[in-house]
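Peer 1: Dropping a structure here in structure tokens format, bear with me for questions.
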Amino acid sequence: MKRVLLTGGVGFIGSHVCIELLVRNYEVIILDSFVNSSEDFFLKIKNLVVHINPLFLKRIHLYKGDIRDSELLDRIFLESKKENKLIECVIHLAGLKAVKESLEKPLKYWDVNLIGAIKLLESMEKNNCRVLIFSSSATIYGNSEKKLIGENSKISPISTYGFNKVSIENMLTNLFESNPNKWRIANLRYFNPIGAHNTGMIGESPKGTPNNIFPLITKVASKKISKLKIYGENWDTNDGTCVRDFIHVMDLAEGHILTMEYLLNNYPQILNLNLGTGFSTSVLELVETFQETNNINVPYEFVERREGDVAMVVADNSLANKILNWKPKRTIRDMCKDGWKWELNNVD
Ligand SMILES: NC(=O)c1ccc[n+]([C@@H]2O[C@H](COP(=O)([O-])OP(=O)(O)OC[C@H]3O[C@@H](n4cnc5c(N)ncnc54)[C@H](O)[C@@H]3O)[C@@H](O)[C@H]2O)c1
């Protein structure tokens, strides 16, 4: 049974990737500092694991700590080695992701995101583990002129967070090119993951007020926040609100497993892959679909545009379709249904 190190595995995307890894017969070692998650949410992941199959619980291990802690990273690899179970792949999701905060506190973002990646790579190199999946983001494309963004579209980030992702991708390219026979690396450029596991037992649960649209919608629907703010009504789009490529978090999670299996079964290489659906949905359409699917009201108001936002970001996902034979299966309605189920369960 293959063992995978999942950094940031108690976070939104990480928790869903963790479930998918367990279901597909992998063993998962999580490293997370809980800076944007919690012990309590880790319990929720374990409850879901037990719900799926109590035997899977033996295959999930947690280290609480910081990705910049080299000693801890080395200890994780070493302890696995002592058990005669090598870590075969690292899926690196630990990091900070709030675009607005990254503009206000750039050094904090460079420290956690870039230094964190460097420390991880140093430890991987030292411990002979050279298969890496890195969670990059569509935010690296910035203001794209194109209707559908391909992997070779212009890279022009407009926030510190976006620059962090581009720099890490560049560093990974350098590392790969320094010895092209060694590393297997995939930069997965996520579009807009939303929704939750279809049991509603885990979902997005950020600390403090959410920054992303979807948890804000669910919090307004459950009356934890009074009104949804929609940033800008005069963007150059059909209804004037921003257009995004929303992808169900479980489709995204499946993309990780396929990517890992592809890397493990192929020659050393570095890949950039868009993980999105290729479908455009405006923020207003998302709110309307959420209301209609769940038969619930989401009061909203239009406010000024937000720094760091762009009009339209939709993926050309043909490369991931082709290389991984990966096709997102879930609809916007599924995302709205599952996300609402999670909100109803997530009483805090
Ligand atoms: N959610 C999105 O819309 C989106 C889009 C594109 C890319 N991404 C990237 O995917 C990754 C995961 O995103 P998410 O939405 O699950 O975020 P999240 O905040 O829910 O999860 C990140 C996890 O990493 C942990 N973490 C943060 N800093 C850490 C550190 N220094 N050491 C150890 N653990 C640390 C947090 O506690 C959290 O559990 C991030 O790298 C993010 O930039 C997310």
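Just so you know, all these numbers are worked out from the coordinates, no wet-lab data involved. Nothing here was measured: the structure is a model prediction, and the numbers come from that model. Here the Cβ positions follow ideal geometry from the backbone for every residue, glycine too, while neighbour counts run over all protein chains shown.
Peer 1: Give me the angle, in degrees from 0 to 90, between the Cα long axis of helix 160-178 and the longest principal axis of the Cα atoms of the chain, rounded to the nearest 10.
Peer 2: 30 degrees
Peer 1: With 10 Å bins from zero, work out the P(r) of the stretch 263-348 over every alpha carbon pair and list the percent per bin.
Peer 2: Values per bin, smallest distances first: 13, 31, 32, 18, 6, 0.
Peer 1: Among DSSP bridges having both ends in the chain, what percentage is antiparallel? Round to the nearest 5.
Peer 2: Values: 2 of 44 bridges.
The antiparallel fraction comes to roughly 5 percent.
Peer 1: Per-residue HN-Hα couplings for the stretch 198-211, Karplus 6.51 cos²θ - 1.76 cosθ + 1.60 at θ = phi - 60°, whole Hz, x for Gly and Pro?
Peer 2: Karplus values, whole Hz, x for Gly and Pro: 5, 7, x, 8, 9, x, 7, 9, x, 7, x, 6, x, 9.
Peer 1: For Val303 and Lys85, what is the calculated FRET efficiency with R₀ set at 45 Å and r taken between the beta-carbons, to the nearest 0.05?
Peer 2: Details: r = 51 Å, r/R0 = 1.14.
Here the calculated transfer efficiency is 0.30.
Peer 1: OK, next. Calculate the dipole size of the chain relative to its Cα centre from +1 charges on Lys and Arg beta carbons and -1 charges on Asp and Glu beta carbons; express the result in debye to the nearest 20.
Peer 2: Numbers: 43 positive and 41 negative charges, 149 e Å.
Charge dipole of the chain: 720 debye, to the nearest 20.
Peer 1: Here's a follow-up. What fraction of the DSSP beta bridges in the stretch 180-329 is antiparallel, stated in percent and rounded to the nearest 5? Kindly include the intermediate steps, with their values, before the conclusion.
Peer 2: Numbers: 2 of 18 bridges.
DSSP beta bridges in the stretch 180-329 are roughly 10 percent antiparallel.
Peer 1: Right, another one. For all pairs of alpha-carbon atoms in the stretch 5-60, what percent lies in each bin of width 5 Å, listed from the first bin to the last filled one?
Peer 2: 5, 22, 35, 26, 10, 2
Peer 1: Of Leu319, Gly339, Pro299, which is farthest along the charge dipole of the stretch 298-340 in the positive direction, counting Lys and Arg as +1 and Asp and Glu as -1 at C-beta?
Peer 2: Final value for the positive-end residue is Leu319.
Peer 1: For the residue pair Lys207 and Glu125, what label-to-label distance in nm results when each label sits 7 Å from Cα along the Cα-to-beta-carbon direction?
Peer 2: Calculated label separation equals 3.1 nm.
Peer 1: If you plug each phi of the stretch 110-124 into the Karplus form 6.51 cos²θ - 1.76 cosθ + 1.60 with θ = phi - 60°, what whole-Hz ³J(HN,Hα) values come out, in order, with x for Gly and Pro?
Peer 2: 5, 4, 5, 6, 7, 4, x, 5, 4, 4, 5, 5, 4, 5, 4
Peer 1: State, in angstrom, two size descriptors of the stretch 207-251 derived from its alpha carbons: Rg to one decimal place and Dmax to the nearest whole number.
Peer 2: 12.5, 33
Peer 1: Let me ask something else about it. Taking the inverse of the average 1/r across all pairs of different Cα atoms in the stretch 1-124, what Kirkwood radius in Å do you get? List each step's numbers first, then the result.
Peer 2: Details: mean 1/r = 0.0671 Å⁻¹.
After inverting the pairwise mean of 1/r, the radius is 14.9 Å.
Peer 1: Next up: Relative to the longest principal axis of the chain, what angle (0 to 90°, nearest 10) does the C-alpha long axis of helix 39-52 take?
Peer 2: Tilt of helix 39-52: around 80 degrees.
Peer 1: Give, in whole angstrom and from largest to smallest, the semi-axes √(5λ) of the equivalent ellipsoid of the chain, with λ running over the eigenvalues of the Cα gyration tensor. Walk me through the numbers before you get to the answer.
Peer 2: On the way: eigenvalues 193, 111, 69 Å².
Each semi-axis is √(5λ); the values are 31, 24, 19 Å.
Peer 1: Would you pull out the residues with amide H under 5 Å of Phe302's amide H, same chain only if 5 or more places away, H placed 1.01 Å from N?
Peer 2: Long-range HN contacts for Phe302: Ile230.
Peer 1: Now, a different point. So what's Rg/Rh here for the stretch 196-333, counting alpha carbon atoms and using the Kirkwood radius for Rh? Numbers along the way, then the final one.
Peer 2: Details: Rg = 17.0 Å, Rh = 16.8 Å.
Ratio value, two decimals: 1.01.
Peer 1: Still on this structure, I have one more. Taking the simple approach of a point 7 Å from Cα along Cα-to-Cβ for both Asn143 and Met1, what is their distance in nm?
Peer 2: 5.1 nm
Peer 1: Average the reciprocal distances over every distinct pair of alpha-carbons in the stretch 105-187, invert the result, and give the Kirkwood radius in Å. Walk me through the numbers before you get to the answer.
Peer 2: Numbers: mean 1/r = 0.0726 Å⁻¹.
Computed over the stretch 105-187, the radius equals 13.8 Å.
Peer 1: Using the Karplus curve 6.51 cos²θ - 1.76 cosθ + 1.60 with θ = phi - 60°, work out ³J(HN,Hα) for each residue of the stretch 93-105 in order, rounded to whole Hz, and write x for Gly and Pro.
Peer 2: 10, 5, x, 9, 9, 7, 4, 5, 4, 5, 6, 7, 10
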